[in-house]
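This report concerns only the one structure given below.
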Amino acid sequence: MVLPRWVWDYVRVTMEGGSYAEVRGWFRDAVAPRHGVRPSVSEVTSPCSTKRDVYLRRVAKVNISSSDILVFGRLVHEVFLAPFRYGFSSFSELDSLFNKVINDYGDVGARHRDALYEVFMKAVGLALQVREEGVPVSVEPLIPGALIGFSDFVRPDLLVGFIPVEIVSSLPGNDDSSMGRKDLAIAAYALAVEAWVGHPVDIGVVLHIGVNGGVRFVWRVVRVDDGLRRAVLDLRDYVARIIEHGDDPGVAGNCPKTCPFYGVCHG
């Protein structure tokens, strides 16, 4: 079922009585962008509060190498998604599938092998439930984003039925459970699905995978209300203006040291 049973129960309780939203993906006037540039969801929801990272990447064309923390985050995503993405017909295939994923990440994969394997096996258990219960799950589906002023396609980590699921991870010693920006990503995906298929999406789920002091999964149900919808659309336009006009928004006052552009902004 991908989502634990208690999460499904929480979703049902949260949605009792239905939900009303003035801003829907199919309402063109509500979602129409104010600029010609269409940013990606990751640009709009980046950790940088001023979005100077977008300016440096898209306007100043600054190239940077990925840090171990960013590589680790991608690896956690791949390890978790692997059982859903590739499938498996027997348990004997699991170790080969796991090794196939982490071997592409060199030393980072080897250094965190035990924790990553625990993440992988938790995902295998969820994948088996999906198979048993027949829940429709899409891995990183390509959803048209231009209809709501984002990039050509947007890609949630998972789409469970019509529920977008986003994954955020943290490295040992850098455990940050703040997931506010992922709420904005959920809102963007909800709007994109609504514009694409005309089905209302009022709920999303954020999964935080932490490996600090042992692997743990923290699931959080996100209600996609009008406030969240308007917030992500306003940020979309703010980022689009930065790119379109080449305006440097300046260094943020609370730069996370994990930002790949930290050295650029702080010398």
Checklist entry - Within region 213-257, which residues are open to solvent by 70 Å² or more (accessible area, probe 1.4 Å) and under 25 Å from LEU158 (Cα atoms)? => result ARG216, ARG220, ARG223, ASP225, ARG230, ASP234
Checklist entry - Is it true that SER42 is under 22 Å from the mean Cα position of the chain (by Cα), open to solvent by 40 Å² or more (accessible area, probe 1.4 Å) and closer than 27 Å to PHE84 by Cβ? => result yes
Checklist entry - Only one of (1) open to solvent by 20 Å² or more (accessible area, probe 1.4 Å); (2) over 22 Å from PRO47 (Cβ atoms) fails for TYR105. Which number is that? => result (2)
Checklist entry - In region 38-56, what residues are in a loop (DSSP other than H, G, I, E, B) and of a type outside the set (A, V, I, L, M, F, W, C)? => result ARG38, PRO39, SER40, THR45, SER46, PRO47, SER49, THR50, LYS51
Checklist outcome for this item: Every listed condition ((1) part of a loop (DSSP other than H, G, I, E, B); (2) under 23 Å from VAL119 (Cβ atoms); (3) touching a residue at least 60 places away in the same chain (Cβ under 8 Å)) holds for PHE88 save (3)
Next on the checklist: So for region 26-37 (the condition being in contact (Cβ under 8 Å) with a residue 24 or more places away in the chain, among the aromatic types (Phe, Trp, Tyr), in a helix (DSSP H, G or I) and in contact with an Asp or Glu (Cβ under 7 Å, 6 or more places away or on another chain)), does at least one residue qualify?
Outcome noted: no
Checklist entry - Given region 104-222, what helices (runs of 4 or more DSSP H) lie entirely inside it while holding 1 or more residues that are of a type outside the set (Lys, Arg) and at positive phi? => result 106-111
Item to check | Odd one out for LYS100, checked against (1) within 25 Å of ARG181 (Cα to Cα); (2) open to solvent by 40 Å² or more (accessible area, probe 1.4 Å) | outcome: (1)
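The values are calculated or read from the model by the stated rules, or taken from the named source; none is laboratory data. Remember, it's a predicted structure, so these values are computed and weren't measured experimentally. Note that we place each Cβ from the backbone using ideal geometry, even for glycine, and neighbour counts take in every protein chain shown. Ligands, DNA and RNA are stripped out before the accessible areas are found, and what is left, the full protein with its side chains, is counted by its heavy atoms. Shrake-Rupley method; radii C 1.70, N 1.55, O 1.52, S 1.80 Å.
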